[in-house]
Amino acid sequence: MAPDLGAVAADWRRWLTHEKRVSPHTQQAYETDLFAFSGFLVRHLGGVPGVDDLRDLQPADFRAWLAWRAGKDLSRSSTARALSVVRGFFRWCERNDRFTNHAIRSVRSPKLPHQLPKPLRADDALEAVQRVGELSEDPWIGLRDVALLTLLYGCGLRISEALSLTRSEAPNDAVLLVTGKGGKQRMVPVLPVIRDAVAAYIKACPYELAPDVALFRGARGGPLNPAVAQRTMRAMRGWLGLPDTATPHALRHSFATHLLSGGGDLRSIQELLGHASLSTTQRYTEVADSTLLSEYRAAHPRAR
């Protein structure tokens with residue numbers, strides 16, 4: 001992008017960091033989407049885009065961008081997110097007197113398929129949490145993985161939330177203060193089995209865990225990379241015969257679904273998950289209903 005637009009984008013990035021306080025992962029995703037849009041405009045307009053070019057874009061230009069993404073076989077959900085990022089950038093520019101272009105308001109987001117969360121069955125989730133330590137030849141790494149997965153399933157944390165915990169934030173009490181998306185904080189209860197698993201890992205960890213450093217450490221002592229947890233879950237899928245949907249995030253889905261199936265209140269589950277909207281949490285009611293129906297059909301003698 002041209003220098004004038006680059007300066008605007010730099011201010012927008014600072015706003016994301018210091019005022020909106022998005023997570024580093026979210027900010028990187030936003031920046032990637034915006035710069036990909038800028039890269040499309042280089043080809044579409046025949047030159048490096050500047051502020052004036054963005055001000056003059058027409059609905060047809062935005063639709064050409066969406067058509068280009070469709071031709072690249074990018075998913076609808078990915079395109080919907082990219083359009084949301086670009087739309088948000090234009091809205092920020094208007095509010096901060098950088099430039100105004102209302103053409104993007106006429107562009108509709110792609111229709112997304114209705115997708116339900118994919119939790120693990122309760123026995124599969126328990127087996128994964130209890131046996132993940134057997135995958136590692138190094139005992140302390142095995143204890144680390146058990147502690148991490150126990151925290152994900154027992155507290156319903158996102159993997160980013162668990163890995164952002166420092167040593168001083170380790171769950172030692174009956175409740176844990178979690179910082180989620182947008183810096184929003186929530187309190188979640190901590191079962192004794194979770195505290196015991198984390199304490200066993202801390203005792204076995206060979207690296208010094210200062211109060212302000214990451215609680216979960218990698219094999220070489222640095223903060224644990226989320227890709228390592230993903231890789232561990234992939235290995236466990238093959239070992240235990242779990243479905244391809246068995247990911248660290250599936251343990252969060254399992255936490256919510258199993259709570260709901262056990263009679264948990266939807267509002268309480270919303271607070272425990274840190275969802276801003278109840279409609280997001282309501283997806284789990286559909287999972288619980290479909291699971292109940294499939295179990296009925298499999299078990300009831302008159303269902304066949």
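Figures for the structure shown
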| item | result |
| --- | --- |
| Residue within segment 204-220 that is among the charged types (D, E, K, R), in the same structural domain as P248 (by TED's automatic domain parsing) and assigned to a helix (DSSP H, G or I) present | no |
| Failed item, numbered, when G154 is tested on (1) in contact with a Leu (Cβ under 6 Å, 6 or more places away or on another chain); (2) not in a helix (DSSP H, G or I) | (2) |
| 1 or more residues surrounded by fewer than 14 Cβ atoms within 10 Å (Cβ to Cβ) and among the small types (G, A, S): qualifying helices (runs of 4 or more DSSP H) within segment 1-67 | 3-15, 24-45 |
| Residue within segment 70-82 that is at positive phi, of a type in the set (D, E, K, R) and either free of Cβ contacts under 8 Å to residues at least 24 places away in the same chain or in a helix (DSSP H, G or I) (or both) present | yes |
| Evaluation of D145 against (1) modelled with pLDDT under 95; (2) closer than 27 Å to P226 by Cβ; (3) charged (D, E, K, R) (one fails), failing number | (1) |
| Every residue from segment 157-184 that is among the small types (G, A, S), crowded, with 16+ Cβ neighbours inside 10 Å and outside any loop (DSSP other than H, G, I, E, B) | S160, A162 |
| Residue within segment 97-114 that is part of a loop (DSSP other than H, G, I, E, B) and closer than 30 Å to G222 by Cβ present | no |
| A82 in contact with a helix residue (DSSP H, G or I) (Cβ under 7 Å, 6 or more places away or on another chain) and assigned by TED's automatic domain parsing to the domain that holds L251 | no |
| V85 being free of Cβ contacts under 8 Å to residues at least 24 places away in the same chain, closer than 26 Å to T26 by Cα and assigned to a helix (DSSP H, G or I) | no |
| Positions within segment 105-163 being closer than 15 Å to L176 by Cα and charged (D, E, K, R), in sequence order | R158, E161 |
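Table: residues versus (1) touching a helix residue (DSSP H, G or I) at 6+ places or on another chain (Cβ under 8 Å); (2) under 21 Å from G183 (Cβ atoms); (3) charged (D, E, K, R).
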{"residue": "T17", "(1), (2), (3)": "yes, yes, no"}
{"residue": "T26", "(1), (2), (3)": "yes, yes, no"}
{"residue": "E31", "(1), (2), (3)": "yes, yes, yes"}
{"residue": "L41", "(1), (2), (3)": "yes, no, no"}
{"residue": "V48", "(1), (2), (3)": "yes, no, no"}
{"residue": "L54", "(1), (2), (3)": "yes, no, no"}
{"residue": "P59", "(1), (2), (3)": "yes, no, no"}
{"residue": "L66", "(1), (2), (3)": "yes, no, no"}
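The values are calculated or read from the model by the stated rules, or taken from the named source; none is laboratory data. Note that this is a predicted model, so its numbers are computed, not measured. Cβ atoms come from the backbone with ideal geometry, glycine included; neighbour counts cover every protein chain shown.
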